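*Asks:* Sharing a structure with you now.
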Amino acid sequence: MPSPNATFTEMVTTSLRNHAKKLVDNVTDHNGLLRKLKDNGNITTKSGGYEIVFPLEYAENGTYQRYSGFDELDIAASDVFTAAKYDWAQVAIHVTASGREIRMNNGPEQMIDLVKARVKNAMNTAANNFSVDLYGTGAITNQIGGLGLIVTSDGTGTVGGINSSTYAFWANQFFENTGTGLATTTIGGSLNTLWLRTVRGNDKPDLIVMSNDMYAVYEASLQANQRYMNSQKASLGFSELQYKTADVIFDSNSNFGTTAEVGYFLNTKYLYVVQHSEAQWTQDDDKIPVNQDAVVIPIYWMGNMVCTNRSLQGKLIDVS
């Protein structure tokens, strides 16, 4: 007869045999921004490397020349590429049970209930905390660099190893709402101003994530004509409005706080979540501590949030 510990381990492994998909789905469906990146195919994997590196096209070819007849042509080399480099960040979460719990739940039904509860808790915990990280500044030790780092209130900061104070092409757009506070009569003008700053031809924001206070004002300004534009996101719990061609959502997982007065104008074509191919919410072998009567089953994630064009991202703020 297998030991209770072995039974617990086998059941967790069986339950999570497809856990990468289950856990990833749980995390992405829990967060409006992450769901958008997933739908766009912007959750990618890499097999290794010292850093996560993305090439950037930061300048135009300088040899474009209007000429006539025998004019001398400019054949100088043009330096048009650089690279953004992001560190690997790591996350771990564990499905655990003490020997006492395992032996008390030794029967088939009780063991199934224990496993289901622990796996569900791990999934929910991963979803909640990773959602906070996506909007974070990377200030917490070993945290990924989220939107708080990539899209700042003044366009400054070092992202991907590039300082926007030195290289102006790398600064994000921003605009402070006019007046003494958010109002239904003025928010439209603020949105229009930032929209124009984040549009380059056919490149334009496709997602606007607002704090709850800003979303409430925007929704009130449209109340008479309000429509939920996307049944898929609405079914996931993300109330979605529309501004021009961009989806507008309030993401309760964004960790904005109730008085943040923030709106992110995002061109998700240039935003990625990159994860390591061997650590994308991947289960490791079970561990039995030498000094504890317990079983520990680790689940690992490794990667970072990546931006390849900060100039087409924007942040609307109101600090009044």
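The values are calculated or read from the model by the stated rules, or taken from the named source; none is laboratory data. This is a predicted model, so every value here is computed, not measured. Neighbour counts run over all protein chains shown; Cβ positions are idealised from the backbone, glycine included. We work out accessible area using only protein heavy atoms, side chains counted, and drop any ligands, DNA or RNA first. Shrake-Rupley method; radii C 1.70, N 1.55, O 1.52, S 1.80 Å.
*Asks:* Restrict the check to the stretch 207-226 and report whether at least one residue is assigned to a loop (DSSP other than H, G, I, E, B) and surrounded by fewer than 22 Cβ atoms within 10 Å (Cβ to Cβ). Steps first, answer last, please.
*Replies:* Step one: of the stretch 207-226, the residues assigned to a loop (DSSP other than H, G, I, E, B) are 211, 222, 226.
Imposing the further condition that a residue be surrounded by fewer than 22 Cβ atoms within 10 Å (Cβ to Cβ) reduces the set to 222, 226.
Within the stretch 207-226, one or more residues are assigned to a loop (DSSP other than H, G, I, E, B) and surrounded by fewer than 22 Cβ atoms within 10 Å (Cβ to Cβ).
*Asks:* Looking only at residues that are among the hydroxyl-bearing types (Ser, Thr, Tyr) and touching a helix residue (DSSP H, G or I) at 6+ places or on another chain (Cβ under 6 Å) in the stretch 123-149, which one is nearest to Trp281 (Cα to Cα)?
*Replies:* Filtering the stretch 123-149 for residues that are among the hydroxyl-bearing types (Ser, Thr, Tyr) and touching a helix residue (DSSP H, G or I) at 6+ places or on another chain (Cβ under 6 Å), the one nearest to Trp281 (Cα to Cα) comes out as Tyr135.
*Asks:* Still on this structure: Looking only at the stretch 163-190, count every residue that is hydrophobic (A, V, I, L, M, F, W, C), surrounded by 17 or more Cβ atoms within 10 Å (Cβ to Cβ) and part of a loop (DSSP other than H, G, I, E, B) and tell me the total.
*Replies:* 2
*Asks:* Quick one: how many residues across the stretch 265-320 are touching a Ser or Thr at 6+ places or on another chain (Cβ under 8 Å), hydroxyl-bearing (Ser, Thr, Tyr) and in a strand (DSSP E or B)?
*Replies:* The total comes to 3.
*Asks:* Same structure, new question: Between a first residue in the stretch 164-179 that is under 13 Å from Leu312 (Cβ atoms) and a second residue that is surrounded by fewer than 20 Cβ atoms within 10 Å (Cβ to Cβ) and of a type in the set (Lys, Arg), which pairs have beta carbons less than 7 Å apart while being 6 or more apart in sequence or on different chains?
*Replies:* Gln173/Arg197
*Asks:* Right, Ala89: more than 35 Å from the chain's Cα centre (by Cα) and either open to solvent by 30 Å² or more (accessible area, probe 1.4 Å) or closer than 30 Å to Glu278 by Cα (or both) or not?
*Replies:* no
*Asks:* Do you know which residues across the stretch 144-156 are more than 18 Å from Ala260 (Cβ to Cβ) and open to solvent by 30 Å² or more (accessible area, probe 1.4 Å)?
*Replies:* Thr156, the sole residue that qualifies.
*Asks:* Find all pairs meeting these conditions: Cβ atoms under 8 angstrom apart; at least six residues apart or on different chains; first residue within the stretch 25-44 and open to solvent by 50 Å² or more (accessible area, probe 1.4 Å); second residue assigned to a helix (DSSP H, G or I) and at pLDDT below 75.
*Replies:* The qualifying pairs are Lys38/Thr28.
*Asks:* Is it true that Tyr50 is among the aromatic types (Phe, Trp, Tyr), at pLDDT 85 or above, open to solvent by 40 Å² or more (accessible area, probe 1.4 Å) and closer than 24 Å to Gly161 by Cβ?
*Replies:* For Tyr50, the condition - among the aromatic types (Phe, Trp, Tyr), at pLDDT 85 or above, open to solvent by 40 Å² or more (accessible area, probe 1.4 Å) and closer than 24 Å to Gly161 by Cβ - is met.
*Asks:* Conditions: (1) within 27 Å of the chain's Cα centre (by Cα); (2) part of a helix (DSSP H, G or I); (3) at pLDDT below 85. Thr125 meets all but one. Number of the miss?
*Replies:* Among (1) within 27 Å of the chain's Cα centre (by Cα); (2) part of a helix (DSSP H, G or I); (3) at pLDDT below 85, Thr125 violates only (3).
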